[in-house]
Amino acid sequence: MSQEIAHWLDNLLEEIEGIEIRRKSSRRVRVDVPADALPALLELLQGRAGYIHLSAISCVDWIEDEEFELVYHVWSYESHSLVSAHIRIAREPGVYLSVYDLYQPAAFFERDIHEMYGIHFEGSPNMDKFILTEWDGPPPMRKEFDSEAYINEHLSWQAYNPPWLQALIAEGGGVVIPPEEQRFSRKKD
Amino acid sequence: MAPLELLLELTLMPLVAFLVGMMMVLMMRRIAARIQRRVGPPLFQPLYDIVKLHSKQTQVSHGLIHDIGIVMAMGGYIAAETLLPVPGMNGIAEKGGIITLLYLMMIPSLGLALGVGQCANPNGSIGIARALTAMLAYDIPLVIVIFGVAYAAGTTNLVDIIAQQQAGGFATWGAVQMPLLAVAGLIAMHASLGKQPFEIYIAPAEIATGPMVEMSGKHLGGLFVMQCFQLYTISVLYVSLFLGGGSTWFDFLLKSFLVLAIPASIAYLFPRYRTEDLLRLMWKWPVMLGLIGVAFVL
Amino acid sequence: MSSINQIPVIEAKKGNPLARVFDELVRFCRSRSLFILHYCTGCGAIELPPAMTSRFDMERLGIQPMVSPRQADILLITGYVSIKTLKRVILTYEQMGSPKYVIGICSCTVNGGMYWQSYATAKKLDEYMPVDLYIAGCMPRPEAVIAGLQQLMDSIHAGKANSWEDYYRNYDYYLGNQQKLFGDNWQTPTDVIAEAKHYNLLSKGTLGVHTRLLEQHQQPLEALEMRLGHNLKEPTE
Amino acid sequence: MRPENYEAQRQPPSNEYELNFGPNHPGIEGNYALKVKLHGDVVLEAKADGGYLHRGFEKLMEQRLWIQNIALVPRICVPDPSPMELCYSMAVEQLCGLKVPKRARWIRVMQLELSRIAAHLFTFGGHAATTGMYSTMYWGVADRDLLLDLFEEFTGGRVYSIYNIPGGVRRELPDGFLQRVTETLDYIESRLADYDNLFFKNQVFVKRAKGVGVMSREQALAWGVTGPNLRATGLAFDVRRDDPYLVYDQLDFDIPTEENGDAWARTLVRRHELMQSIRILRQVVEALPDIHGPIRAPIPNPLAWNVPAGETYTRVESSKGELCYYVVSDGGPKPYRVHVRGPSSMHAVQVLEKLSVGSRIEDIAQTMFSLDACPPEVDR
C-alpha cells in the first residue's frame, strides 16, 4: 500500500469515534473499535474504501475478561491490504449484530461461531446448526468446555494395556504418568 | 427335427451364450484396463464375481415383483439366445424370426423397471426412467436398421439372412451391401450396451448406479449374468445381420469379439451424455443414416 | 416375500462330499471377488484412489469399488469416525448383505489416533461393529492397503473371516456401546434380532439389557415414500 | 430388513421429492452431504449438511504445544496439505519475529508448487469421474503418485509431509533431488498433450461442462469466492502475487483467467495453473543450487517454547483458494486460539447451495468437483 492511500485510509477511519489504528505492516492494519461502531466502520470500509472481501470472522474467548473478541478481516482487491477490525462483546449474554447485509460470506462464519461459541447474531439468515447437528453438549470451543474430561467420561480410548506392560509397571518400570499429570494439556493447574 | 435334439439345442444355446458372454465381459474389462494403463482383472474374474454374488445371503427383499423383475431380465435374454443361430445350432430361430427377437430384447429393461420400481429408492426410479428413455432412443434406429436388412433380404428369418450373406462370400455381407445401415446399426448397438458416452442410466456419480442401487447378493448376481447375455446377444445379432454370421465356431467367435471390441475401445475415452443429448444424437445421426440406407435398399 | 420369516433357509447337508467341494468353490470365489464400499470417513480415503488406479491396480486381485452398501462385501472405514459419521457407518453396515467384512484403515480407527483428545470422534471402531482387519498407519500406503486386503482374502479362503456373525451373536454388546454414545432412543431401520434368528445365530449375547431398552424405545418403522414435503429420516445412501 | 416398505402411501400426488446426496455417494467429494429437493431432474433447493469430518481441530490445537500442532494442521485439507503447514508456520514465525533463511524460503516454494500440481491432477481426475470418464481419473491419480514419490523422498511422507516447521524446513534436500524433480516435470509436461486430447478438448466433456454452475464476477465477489474459481470469472487475483509471501515476488509467473465462470472455465484455469506451477518449479530448480546457507532459523527448545503474546493473520494461496490462519498467543506454551479459514468453507456451503439451484441432478457432482470443494476444510 502506498503512503498516500495509507494516509487517506487513516483520515477516513478517523470518522469513527473511539477508533484505534495500528499499522502492523504495509498490508496489514489492525483497528480496534467499540462494538457498537463496527457496522458503521464496515460500511465505511466497504462502501468508500473498496474492502469488499470478507476474508473471515474469528472469535476469541477471553474467559478471564468475561469477553468475546470478534475479529472481522476484510480485504481490498484495489489497495491490496487487509484490515482486521477487533471488537469485544460481553460474554453474557453473547449477542451481537449480523453483518450479513454488508457481507454475504458472514452467514457461514456467524453460523459457525454460533455453534462453536454460542454467540447469537441478530439478523443472520440462518442460525441452525451445521457441523454439530448431532451434538447436545455445550458449545465446545468455549474455554470452559473441557474436552478431555468429556472424552474420559463418554469414550474409552486407551485400551492397550497388555500383561507384559502391567508387569513392567508393577516393577516400577515403563512409562508411568501419574494420573494428575496425564492431562498435560491444561494451561493452568 | 427330433424333439430331443431341439431340447438339447435349446439348453445348449443359452449355456454357450453365457460362457461366451463371460469372456466378453472379461474382454471389455481388459480393454478398459489397457486404455487406463493397468493390468486388469484375472481370467476367471467374471465367474468369481457371479459365483460369489449368488453365494451371498439374501438379506433383504422388496417384494415379489422385485424378485420377478430380475427373472424377467434374465429370462428375456435367455429366450433371445434361442432365437440367435450359432454355427451348427439354429434352435427355434427359423420359427421365431427377427421381430420376435427384437421384442424379446426389450423385456429385460421392462422387467428391470418393474423390479426396481418396487424398491422405493429415488435413485433407482430415476435410473429406470433414464434406462427406458435410452431404450426409446436406440430402439428407433435399431428398428430402422433391422427393417432395412429384412427388406433387402426379403425375409425376417435370421437363418435365411445369414445364408444369403454366406452365399457369395465377403461381397454379399450386409456390411458391404448396406454400409450405411451397418454404421447406423453399430451406433445403435453401442447405445444399447449402455457404455459411455451412452451410460446415462448407471451413472454412479449422479444417481449411484441407478437401477442397481438396491440390488444385493443374488439380485445383483442376476444382473451380472444378464450383462453377459446382453453383450452376447447384441454382438451376435450384429454379426448375423451384417457380417454374415459364422460358418465355423472360430469364425463366429472372432467376428463377435471384434464387433464388441469397437464400442469397448470407444467407451472408455468419453464421458457420458446428458439424457437429452443422447436422445438428440440417437434420433439424428443413426436415424438419418439408417433412413438413407433404407432408401438405397428400397 | 415381504417378511424375513418367509425366506427359506437352505441348510447344507453335512458329510456330503459334493457339498464340500461346492463350499470350497464358494469360499474360493468369495476370496477372489471383493466388492468394496469405501466409506470415506477420513484422511485414509486419499490413499485409496492410488490403490485402485493405474499404478497399484487393485482390480488385478479382483477387488473393485462399489457404490451402494447393498452391493458391497467389504466396508472400508478409511480413518477416524466422527460421531455423526459413525451413525451412518452403522446404518451402512447393517444394510450390507452377509457375509460382510469390515476393514479399519488408519490408526484412528484403532484407538482414536492423534485425535484422542477430540470430543467429536469415536475412538475404537470395534466397540460399535466387528472389525475383521485393521491396517494401521497414518495413513497406510497403498501397498499396505493391498497387503491387508490380501490377508483378508487368505482368511476368507480359509473360512476364518466370520466376524460378521459376531455382530449377531453379541448384538447386545454392540448395541450397548452405540446407545452409550448416541443416546437411549437410538435405533436403526434394520431388525438385527430377526436377522440373527434367520441366520440361526441367535445366542446368549444377542439379547440382553440393551436390546430390551431398544424394544422400549423402538418406534414402529414407517413405510418409506417418495413424495415431497416429507423429510427422509436418515440418509442411508 | 425393512418389511413392507413398498406399500404405496395414500398421499396427494406431487412431482417433487427429496433426495439425500451423500454422505457416502460417489458424486460427493469426501464425506459430505447435500439434501436436494427435486422436481423431475431439476434441483429446486439444495441444503449442505456438513460436520461428518468434524474433529474439532481448533480445540485440539489449543490443547497441544506449538510444535505439536505442526503434525495436526496438514490433516485439515487432505488433497493439498502443504499450504496448511506453511500458513501455520508463517503465523508462528510472525508472532516470534523469526526470520526464515533464504534457502528455506525457496525450498518451501518448491514444496507448495509440487503440492499444487498434485492437487490439481487429483481434481481433474475427480471431475472427470463425475462425468463418467474414468480413464482420466486413472491416469491423473497415477501421475499424481509420481509427485508423491518426490514428496516421500524429500520429506519422508507421501501425503502428509510435516516438513515445514516454524523457522524453516526440517531437512536438507537429498542429493540429485533437483534432477529428479526436473525429470518428473518433463514427464508430466509430456503427458499434458494426452490429457488435452482425452479430457480438456473432449467434445462430449466440453458440452457437459459448459454452462454448468455459472457465476458472474459480481456474484463471485459477493459470495466470497477465491482462488481458481474467482479467476474463472475473469478477475486476475492471486494471493501469491497480490499479497506475496516467501519468494513469490521474485518469481515470474502469469495468473491465468477465464471469462465464463462455469465448470468448464474453472477446469481450464486449473489446467493453465498447472503449467504455471511447472514454470515456477523450473525457476526454483534453477535457482536453488546457488542459494546456500542454513535451512532453518534457530528456535528455542520446542517442548518449552513460549511464543510471545500477540495475534496475527496469515494468508496463502492453496490450490483451492485463499487459506488463512488467525493465531492468537497469550505468551504460553500453547496457542490460545487458532482459527482456520479454509477456502472451501465458502465454496462447499453457500456457493454450492446457490449454484446447484436450477441445475440438473446430473450436474450437482460436477458443480461440486469443479468448485474443488474440500469438505474437511469446512468441518475442521
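See the values below:
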{"item": "Hits in the range D:328-366 (condition: of a type in the set (Val, Ile, Thr), part of a helix (DSSP H, G or I) and surrounded by fewer than 24 Cβ atoms within 10 Å (Cβ to Cβ))", "result": "D:Ile361"}
{"item": "Subset of the range B:254-273 (residues that are touching a residue at least 12 places away in the same chain (Cβ under 8 Å) and either surrounded by fewer than 18 Cβ atoms within 10 Å (Cβ to Cβ) or of a type in the set (Gly, Ala, Ser) (or both))", "result": "B:Ser256, B:Phe257, B:Ala261, B:Ile262, B:Ala264, B:Ser265, B:Ile266, B:Ala267, B:Leu269"}
{"item": "Qualifying residue in the range B:166-175 (condition: in a helix (DSSP H, G or I) and of a type in the set (Phe, Trp, Tyr))", "result": "yes"}
{"item": "Of all residues making up the range C:24-65, the number that are outside any loop (DSSP other than H, G, I, E, B), within 8 Å of chain D (Cβ to nearest Cβ) and among the small types (Gly, Ala, Ser)", "result": "1"}
{"item": "Segments classed as helices (runs of 4 or more DSSP H), wholly inside the range B:198-298, with at least 1 members that are within 13 Å of chain D (Cβ to nearest Cβ) and more than 18 Å from the chain's Cα centre (by Cα)", "result": "B:204-207, B:275-297"}
{"item": "Number of positions in the range C:185-209 that are more than 13 Å from chain D (Cβ to nearest Cβ) and within 18 Å of C:Val89 (Cβ to Cβ)", "result": "1"}
{"item": "Hits in the range B:134-145 - residues which are in contact with a helix residue (DSSP H, G or I) (Cβ under 6 Å, 6 or more places away or on another chain) and either within 14 Å of chain C (Cβ to nearest Cβ) or more than 12 Å from B:Val287 (Cβ to Cβ) (or both)", "result": "B:Met135"}
{"item": "Sole residue being more than 30 Å from D:Ala104 (Cβ to Cβ) and in a helix (DSSP H, G or I), chosen from D:Asp194, D:Asp186", "result": "D:Asp194"}
{"item": "Within the range B:24-65, tally of residues that are over 17 Å from C:Phe35 (Cβ atoms), of a type in the set (Lys, Arg) and either surrounded by 17 or more Cβ atoms within 10 Å (Cβ to Cβ) or within 24 Å of the chain's Cα centre (by Cα) (or both)", "result": "3"}
{"item": "Candidate set: the range A:54-89, residues that are more than 15 Å from the chain's Cα centre (by Cα) and among the polar types (S, T, N, Q); chosen: the one nearest to the other protein chains (Cβ to nearest Cβ)", "result": "A:Ser81"}
{"item": "Test result for D:Ser89, among the polar types (S, T, N, Q) and farther than 22 Å from D:Leu303 by Cβ", "result": "no"}
{"item": "Candidates B:Gly88, B:Gly21, B:Gly69, filtered to the one that is surrounded by fewer than 17 Cβ atoms within 10 Å (Cβ to Cβ) and either of a type outside the set (Asp, Glu) or without any contact (Cβ under 8 Å) to a residue 24 or more places away in the chain (or both)", "result": "B:Gly88"}
{"item": "Candidates B:Gly115, B:Gly127, filtered to the one that is in a helix (DSSP H, G or I) and either at pLDDT below 85 or surrounded by fewer than 23 Cβ atoms within 10 Å (Cβ to Cβ) (or both)", "result": "B:Gly115"}
{"item": "Residue in the range A:73-90 that is in contact (Cβ under 8 Å) with a residue 40 or more places away in the chain, over 22 Å from D:Leu323 (Cα atoms), surrounded by fewer than 20 Cβ atoms within 10 Å (Cβ to Cβ) and in contact with a Pro (Cβ under 7 Å, 6 or more places away or on another chain) present", "result": "no"}
{"item": "Boolean, D:Thr155 is more than 10 Å from chain B (Cβ to nearest Cβ), of a type in the set (S, T, N, Q), more than 12 Å from C:Pro50 (Cα to Cα) and surrounded by fewer than 24 Cβ atoms within 10 Å (Cβ to Cβ)", "result": "yes"}
{"item": "Failed criterion for D:Leu230 (all others in (1) crowded, with 21+ Cβ neighbours inside 10 Å; (2) part of a loop (DSSP other than H, G, I, E, B) hold)", "result": "(2)"}
{"item": "Wholly enclosed strands (runs of 3 or more DSSP E) of the range A:69-166 bearing at least 1 residues more than 25 Å from D:Ser345 (Cα to Cα) and either out of contact with any Gly (no Cβ under 8 Å at 6 or more places or on another chain) or of a type in the set (A, V, I, L, M, F, W, C) (or both)", "result": "A:81-90"}
{"item": "Condition check for B:Ile50: more than 7 Å from chain C (Cβ to nearest Cβ), in a helix (DSSP H, G or I), touching a His at 6+ places or on another chain (Cβ under 7 Å) and modelled with pLDDT of 85 or more", "result": "no"}
{"item": "Test: C:Ile90 is closer than 23 Å to C:Glu165 by Cβ, more than 14 Å from chain A (Cβ to nearest Cβ) and modelled with pLDDT of 85 or more", "result": "no"}
{"item": "The lone exception for D:Tyr325 - which of (1) free of Cβ contacts under 8 Å to residues at least 24 places away in the same chain; (2) in a strand (DSSP E or B) it fails", "result": "(1)"}
{"item": "The range C:66-81, residues that are out of contact with any Gly (no Cβ under 7 Å at 6 or more places or on another chain) and either in a loop (DSSP other than H, G, I, E, B) or facing another protein chain (nearest Cβ under 8 Å) (or both)", "result": "C:Met66, C:Val67, C:Ser68, C:Pro69, C:Gln71, C:Ala72, C:Asp73"}
{"item": "Search result, residues across the range D:85-109 that are farther than 16 Å from D:His292 by Cβ, more than 16 Å from the chain's Cα centre (by Cα) and not hydroxyl-bearing (Ser, Thr, Tyr)", "result": "D:Met90, D:Ala91, D:Val92, D:Glu93, D:Gln94, D:Leu95, D:Cys96, D:Gly97, D:Leu98, D:Lys99, D:Arg108"}
{"item": "Matching residues, the range D:248-299, being without any contact (Cβ under 8 Å) to a residue 60 or more places away in the chain and under 14 Å from D:Ala104 (Cα atoms)", "result": "D:Asp290"}
{"item": "Of all residues in the range A:34-53 being farther than 20 Å from A:Pro105 by Cβ and of a type in the set (A, V, I, L, M, F, W, C), the one that is nearest to the other protein chains (Cβ to nearest Cβ)", "result": "A:Ala35"}
{"item": "Condition broken by D:Val316, with the remaining ones in (1) more than 30 Å from D:Val36 (Cα to Cα); (2) in contact with a Pro (Cβ under 9 Å, 6 or more places away or on another chain); (3) in a helix (DSSP H, G or I) satisfied", "result": "(3)"}
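Residues checked against (1) farther than 21 Å from D:Ser318 by Cβ; (2) of a type in the set (D, E, K, R); (3) more than 14 Å from chain B (Cβ to nearest Cβ):
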residue: D:Gly125; (1), (2), (3): no, no, no
residue: D:Ser161; (1), (2), (3): no, no, yes
residue: D:Arg171; (1), (2), (3): yes, yes, yes
residue: D:Phe177; (1), (2), (3): yes, no, yes
residue: D:Thr182; (1), (2), (3): yes, no, yes
residue: D:Leu192; (1), (2), (3): yes, no, yes
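This table checks each residue for (1) out of contact with any Gly (no Cβ under 7 Å at 6 or more places or on another chain); (2) assigned to a helix (DSSP H, G or I).
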| position | (1), (2) |
| --- | --- |
| D:Arg180 | yes, yes |
| D:Val206 | yes, yes |
| D:Ala236 | yes, no |
| D:Glu259 | no, no |
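The values are calculated or read from the model by the stated rules, or taken from the named source; none is laboratory data. Please read all numbers here as calculations on a predicted model, not as lab measurements. Cβ: placed from backbone, ideal geometry, glycine included. Neighbour counts: every protein chain shown.
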